[in-house]
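Everything on this sheet refers to the single structure shown next.
The values are calculated or read from the model by the stated rules, or taken from the named source; none is laboratory data. None of these values were measured; they are calculated from a predicted model. Heads up, the Cβs are rebuilt from the backbone with ideal geometry, glycines too, and the neighbour counts pull from every protein chain shown.
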Ligand code: MEV
């Protein structure tokens, strides 16, 4: 049995615009998906999820690469989770040149599903890593990130960027622009996450932005403006000392850009009433800035606040189910056992 874990992430800036080639800066956080893999002697795939916000489920099917399993799944979230695991298996089989290899797979996660914290990327990264290692053929980090991206791209019908999977594989903060992905240095940031208990459909939300761009040409300017503010944010991070906590001035400037970024995401139609309520609760609590993170439509916001005020305010905000401080995960995917 080989066990690997990979972190979730928040976007400091740039989700959605990254799909159109603009830069984005996601940061890995210490919330992990853990995947245990045992190779089998036949071609069957058995997937057991212990939590994953799914109340636990087990499915087993005869696997053949390229075919989505036709299994009886209780909810769309479970269906999505099985789809991601299935594509991770397809990538591992391809890397191993073993198209009929079977696996027993157990997934546990403390990253809420579909909530903008990169749960699917973490499952896919940890799954491919555990499956290839279990067969004695570990991949290097870049190939792992690339294969995980291809798995997400497949499930999200060609609309995924490399941001989530690269960040989950490498850890730390990352700059993504098109196919170029690079780790970047950042000072430690006082990230606070608010979660509304819900989940957006990434594919639908990305398609919604695409339709908006088709309907109103000027929506493309909104996407480009997000790219401009990401470049501004990156320059601020590059000038800061990565070995010191972020200064109050830096937090104020980054926070201002996060607020701006949230406004533009709202204009693109990907926020929601509960996400806006949490963003405003954070601002009222004098967070330096707050924005939705990930695809939106429901799920999580991220705020910058070194004090306890935002976390406390979020816990009393109607529509907020959970609030927690999110430490930057320096380590990306790793072997647990
Ligand atoms: C989803 O976490 C982030 C999006 O930008 C989609 C992607 O980058 O694949 C909305």
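What to note about this one:
- Some residue of the stretch 52-71 being modelled with pLDDT of 80 or more and crowded, with 24+ Cβ neighbours inside 10 Å: no
- The single condition among (1) touching a strand residue (DSSP E or B) at 6+ places or on another chain (Cβ under 8 Å); (2) in a helix (DSSP H, G or I) that residue 207 does not satisfy is (1).
- Of residues in the stretch 161-187 being part of a strand (DSSP E or B) and in contact (Cβ under 8 Å) with a residue 24 or more places away in the chain, the one surrounded by the fewest Cβ atoms within 10 Å (Cβ to Cβ): 184
- Qualifying position, being more than 16 Å from the ligand (Cβ to nearest atom) and closer than 13 Å to residue 5 by Cα, among 111, 128: 128
- Among the criteria (1) closer than 18 Å to residue 156 by Cβ; (2) in contact with a helix residue (DSSP H, G or I) (Cβ under 6 Å, 6 or more places away or on another chain); (3) crowded, with 24+ Cβ neighbours inside 10 Å, the one residue 81 does not fulfil is (2).
- If you go through the stretch 188-216 and pick out every residue that is surrounded by fewer than 17 Cβ atoms within 10 Å (Cβ to Cβ) and more than 16 Å from the ligand (Cβ to nearest atom), you end up with 5.
- If the condition is being in a strand (DSSP E or B) and surrounded by fewer than 24 Cβ atoms within 10 Å (Cβ to Cβ), then the stretch 108-125 contributes only 108.
- Qualifying residue in the stretch 148-160 (condition: within 12 Å of the chain's Cα centre (by Cα), within 11 Å of the ligand (Cβ to nearest atom), assigned to a loop (DSSP other than H, G, I, E, B) and surrounded by 19 or more Cβ atoms within 10 Å (Cβ to Cβ)): yes
- The one condition in (1) within 16 Å of the ligand (Cβ to nearest atom); (2) surrounded by 18 or more Cβ atoms within 10 Å (Cβ to Cβ) that residue 90 fails to fulfil: (1)
- Residue check for residue 204: out of contact with any helix residue (DSSP H, G or I) (no Cβ under 9 Å at 6 or more places or on another chain) and at pLDDT below 95: yes
- Filter pass, residue 78 being modelled with pLDDT of 70 or more and closer than 26 Å to residue 115 by Cα: yes
- Leading residue by the ranking (nearest to the ligand (Cβ to nearest atom)) among those in the stretch 1-21 that are within 22 Å of residue 201 (Cβ to Cβ) and surrounded by fewer than 24 Cβ atoms within 10 Å (Cβ to Cβ): 19
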